[in-house]
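The values are calculated or read from the model by the stated rules, or taken from the named source; none is laboratory data. This one's a predicted model, so the numbers in the text were calculated from it and none came from an experiment. No Cβ is skipped: glycine too gets one built from the backbone with ideal geometry, and neighbour counts run over all protein chains shown.
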Amino acid sequence: MAVRARIDHLVTSGTFSLDGGTWDVDNNVWIVGDDEEAVVIDAAHDAEAILAALGGRTLRAIVCTHAHNDHIDAAPALADATGAPILLHPADLPLWKQTHPDRLPDGELADGEAVLVADVALKVLHTPGHAPGAVCLYAPALGTVFTGDTLFAGGPGATGRSFSDFPTIIASLRERVLSLPGGTVVRTGHGEETSIAAEAPHLPTWTSRGH
């Protein structure tokens, strides 16, 4: 049976701030859905641009892969404009509150649950390491996984700042992500796409390198 859902992509620009530093960043925003409904993965920087990309579709949820400010800064404005709930793993609430102290998420993401849209299930994989509540979203029907900042083309996400841990992200990648089918397309929080087959062979190098 043909899959109705498609993946739309836009890049938004802003800043990432943590531990007293601020950096300019470009973020990938992923929209999964059909002509009628969609979910947004990581509402970064520009609610108006995301609304324009939605094109009037019903927004079912705003899913946060983690709560670093550059991935959630536009989430409340997008929620207010659409009525969609903001979903976040509860382990990232301390990070969330640094950016939005007066606005909590509307719901929790739990490992193993599915976010449903346009007949497609986005399975939540809790993948801590870059952040305590980091998640990836695996959509087998679309042959893809949305990894946020857990996995990039060329290696794991950064673990040099507060709330992060290198051995934890390596365990998450080994146990939850790199075991997915090799043809799975990896859609990341920043930068270019990659695949499980392209990244999995490098795990021993990442492990031995350490941070």
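Side notes on the structure shown:
- Evaluated against (1) loosely packed, with under 14 Cβ neighbours inside 10 Å; (2) touching a residue at least 12 places away in the same chain (Cβ under 8 Å), GLU199 falls short on exactly one condition, (1).
- Counting the residues of region 108-135 that are at pLDDT 95 or above, of a type outside the set (S, T, N, Q) and in a loop (DSSP other than H, G, I, E, B) gives 13.
- Filtered residues of region 13-32 (kept if closer than 20 Å to LEU88 by Cα and either of a type in the set (A, V, I, L, M) or within 16 Å of the chain's Cα centre (by Cα) (or both)): PHE16, LEU18, ASN27, ASN28, VAL29, TRP30, ILE31, VAL32
- Among the residues of region 128-178, those identified as surrounded by fewer than 22 Cβ atoms within 10 Å (Cβ to Cβ), closer than 18 Å to ASN27 by Cβ and of a type in the set (A, V, I, L, M, F, W, C) are PHE152, ALA153, ALA158.
- First in region 6-19 and under 19 Å from ARG57 (Cα atoms) and acidic (Asp, Glu), second anywhere and at pLDDT 95 or above and assigned to a strand (DSSP E or B), Cβ under 9 Å, 6 or more apart: ASP8/VAL29; ASP8/TRP30; ASP8/ILE31; ASP8/VAL32; ASP8/GLY33; ASP8/ALA38
- Condition check for ASP102: charged (D, E, K, R) and in contact (Cβ under 8 Å) with a residue 24 or more places away in the chain: no
- Scan of region 20-42 for residues that are within 18 Å of GLY191 (Cα to Cα) and without any contact (Cβ under 8 Å) to a residue 40 or more places away in the chain, ordered by number: TRP23, ASP24, VAL29, ILE31
- Look at region 65-93: where a residue is within 18 Å of GLY14 (Cβ to Cβ) and a partner is outside any helix (DSSP H, G or I) and of a type in the set (Phe, Trp, Tyr), sitting 6+ places away or on another chain with Cβ atoms under 7 Å, you get THR65/PHE146; HIS68/PHE16; ASN69/PHE16; ASP70/PHE16.
- When LEU54, LEU88, LEU93 are checked against the criterion of being touching a Gly at 6+ places or on another chain (Cβ under 9 Å), hydrophobic (A, V, I, L, M, F, W, C) and more than 27 Å from GLY129 (Cβ to Cβ), a single residue qualifies: LEU54.
- Residues satisfying the stated conditions in region 11-32, i.e. aliphatic (A, V, I, L, M) and surrounded by fewer than 16 Cβ atoms within 10 Å (Cβ to Cβ): VAL11
- Scope region 139-194; condition of a type in the set (Val, Ile, Thr), in a strand (DSSP E or B), touching a helix residue (DSSP H, G or I) at 6+ places or on another chain (Cβ under 9 Å) and in contact (Cβ under 8 Å) with a residue 60 or more places away in the chain; matching residues: THR147
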